[in-house]
Amino acid sequence: HIPKGKANDLYKKYIAFEKQHGDKSGIEEAIVNKRRFHYEEDLKQNPMNYDAWFDFIRLEEENGDSDRVREVFERAIANIPPSPEKRFWRRYIYLWINYAVFEELENNISKAREVYNEMIK
């Protein structure tokens, strides 16, 4: 296991190498991976940061990997707000709604129905 400080440094060197020696797709993948790493680190610090979850989901949607989008949605909705106050729940409920709409747009109607039903429990 590499210490966090060294991991960041190693990752920066990897990105610099890809930018210098990689092709266009390699560079784009390195940048996307850097953004993923950033979101993962932010969400480790505060898993209730629903805006960061939305940004992370958008990143995965832009890359077109539906399975990865689903995985991020599932991880996001697993972080239930700790308080019954409305301000904490508003963004959380939007995550659920966006997840269901994503499944509808993927023509996965049974999964969309499952998400809606789970949301209203």
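For this structure, a couple of remarks:
- Total residues in the range 74-95, condition of a type in the set (A, V, I, L, M, F, W, C), part of a helix (DSSP H, G or I) and either open to solvent by 30 Å² or more (accessible area, probe 1.4 Å) or touching a Leu at 6+ places or on another chain (Cβ under 8 Å) (or both): 5
- Test: residue in the range 66-83 that is over 22 Å from E114 (Cβ atoms) and either within 13 Å of the chain's Cα centre (by Cα) or without any contact (Cβ under 8 Å) to a residue 24 or more places away in the chain (or both): yes
- Residue-level check: of (1) part of a helix (DSSP H, G or I); (2) buried (at least 16 other Cβ atoms within 10 Å of the Cβ), K12 misses just (2).
- Residues that are surrounded by 13 or more Cβ atoms within 10 Å (Cβ to Cβ), over 25 Å from K111 (Cβ atoms) and among the small types (G, A, S) within the range 17-73 comprise G22, G26, A30, listed in sequence order.
- Residues of the range 96-114 satisfying the condition of being in a loop (DSSP other than H, G, I, E, B) and surrounded by fewer than 14 Cβ atoms within 10 Å (Cβ to Cβ): E106, N107
- Conditions (1) over 24 Å from K4 (Cα atoms); (2) part of a helix (DSSP H, G or I): number failed by R36: (1)
The values are calculated or read from the model by the stated rules, or taken from the named source; none is laboratory data. Treat the numbers as computed from the prediction; the structure is a model and nothing was measured. So basically every Cβ, Gly included, is an ideal-geometry build from the backbone, and we count neighbours across all protein chains shown. Side chains are part of the model used for accessible areas, which takes the heavy atoms of the whole protein and leaves out ligands, DNA and RNA. Shrake-Rupley method; radii C 1.70, N 1.55, O 1.52, S 1.80 Å.
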